[in-house]
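**Student:** Let me begin by handing over the structure; questions about it come next.
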Amino acid sequence: MNTSNIKGVVFFDLDGTLLNDKSKIEPEVAEATEKLKKNNILPVICTGRSPHEIIHTQEMTNIDTVITLNGSLVKNNSEIIYQRIIPTDLCKNVIEMADSFEEAVAMYNNQTIRRTNLDTNAIIQTHKFIAEPIPEVDSTFYQDNDINMMVIYSIDKENEYNVKFSSSLKFYKTGTFSIDCVMKEESKKNGIINLLKNLNLTNVPTYAFGDGPNDIEMLNYVDHSVVMGNARKDIFQYGEYITTKNTNHGIVNGLKHYNLI
């Protein structure tokens, strides 16, 4: 998409937002993203998922620009335009703490995902919910590979990790059984800032659709924020507009509200 003609940018969270309750793209959503492009509005996937987890979604929606791993990896037409790496020693320390709680950890980068060797109910339930296979085991993967994000498969230890690593890392409770971990400065908001700067789109109107805690900074940053009707009740306060549920035409209704399609 030719960025010189862009009249606006719309950022979409995936789970609970652009995707339905079975982690699939509805035909009407695919049609809506195509209409956005025809109207010179740039659609952008903005997610905690990794690039290789969203390939099918990109194909279904024809979206080429993505902010992944909670802002730690930004790509436009397959080109990495921004990324942040978690230092090896921090990866090691997080994994050691997770081991002490008997919790598994997954390590993400642009190419793949690997995990520590604990088989827990939390890891099974998390990947069942997002309809993705459980990652292969390689507990030392972080030693020889760049890591943009980690996921700790934990039910109730978010506070303990935040206290331990408050000076360097940020933790998002993104699911019943999972906590996303990125460098402290990273967020979907920071990913958006880097994307707009790199594509010279800092002067066009921005919109965002989201439903969860890791969407808050994004919703607060853009010009117009849309919260899904299925969001947690405490997220509603961050929406300029509350649309219907993701399973009840929420994306289409939100885009129509702002006359984007």
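**Student:** Of the residues that sit in segment 173-191 and are within 15 Å of Ser50 (Cα to Cα) and in contact (Cβ under 8 Å) with a residue 60 or more places away in the chain, which one is nearest to the chain's Cα centre (by Cα)?
**Tutor:** Lys188
**Student:** Counting just the residues of segment 137-155 that are of a type outside the set (Phe, Trp, Tyr) and more than 18 Å from Glu102 (Cα to Cα), which one comes out surrounded by the fewest Cβ atoms within 10 Å (Cβ to Cβ)?
**Tutor:** Asp144
**Student:** Enumerate the pairs (first residue in segment 237-261 and not assigned by TED's automatic domain parsing to the domain that holds Ser225; second residue anywhere and at pLDDT below 95 and surrounded by 18 or more Cβ atoms within 10 Å (Cβ to Cβ)) with beta-carbon separation below 8 Å, excluding pairs fewer than 6 apart on the same chain, so at least 6 apart or on different chains.
**Tutor:** Final answer for the pair search is none.
**Student:** For segment 61-84, which residues satisfy the criterion of being hydrophobic (A, V, I, L, M, F, W, C) and either under 19 Å from Tyr161 (Cβ atoms) or crowded, with 18+ Cβ neighbours inside 10 Å (or both)?
**Tutor:** Passing the criteria: Ile63, Val66, Ile67, Leu69, Leu73, Val74.
**Student:** Moving on. Which residue is nearest to the chain's Cα centre (by Cα), if the candidates are limited to segment 222-238 and must be part of a loop (DSSP other than H, G, I, E, B) and over 19 Å from Leu19 (Cα atoms)?
**Tutor:** Val222
**Student:** Out of the residues in segment 104-135 meeting the condition of being of a type in the set (D, E, K, R) and modelled with pLDDT under 95, tell me which one is farthest from Val74 (Cα to Cα).
**Tutor:** Taking the candidates together, the pick is Asp119.
**Student:** Let me ask something additional. Counting just the residues of segment 194-237 that are among the hydroxyl-bearing types (Ser, Thr, Tyr) and surrounded by fewer than 20 Cβ atoms within 10 Å (Cβ to Cβ), which one comes out nearest to Val29 (Cα to Cα)?
**Tutor:** The residue in question is Tyr221.
**Student:** Which pairs turn up if I take residues in segment 26-40 that are loosely packed, with under 13 Cβ neighbours inside 10 Å and look for partners that are assigned to a helix (DSSP H, G or I) with beta carbon separation below 6 Å, at least 6 apart in sequence or on another chain?
**Tutor:** Pairs that qualify, where the first residue is loosely packed, with under 13 Cβ neighbours inside 10 Å and the partner is assigned to a helix (DSSP H, G or I), are Glu28/Val252.
**Student:** Could I ask something else about it? For segment 156-172: of the residues being hydroxyl-bearing (Ser, Thr, Tyr) and touching a residue at least 60 places away in the same chain (Cβ under 8 Å), which is surrounded by the most Cβ atoms within 10 Å (Cβ to Cβ)?
**Tutor:** Restricting to residues being hydroxyl-bearing (Ser, Thr, Tyr) and touching a residue at least 60 places away in the same chain (Cβ under 8 Å), the top hit is Tyr172.
**Student:** How about segment 239-261: which of its residues are crowded, with 20+ Cβ neighbours inside 10 Å and either in a loop (DSSP other than H, G, I, E, B) or not hydrophobic (A, V, I, L, M, F, W, C) (or both)?
**Tutor:** Gly239, Thr243, Asn246, Gly250, Gly254
**Student:** Of the residues that make up segment 82-93, is at least one more than 20 Å from the chain's Cα centre (by Cα) and closer than 28 Å to Asn246 by Cβ?
**Tutor:** No, that holds for no residue.
The values are calculated or read from the model by the stated rules, or taken from the named source; none is laboratory data. If you're wondering where the values come from, they're calculated on a predicted model, not measured in any experiment. Neighbour counts run over all protein chains shown; Cβ positions are idealised from the backbone, glycine included.
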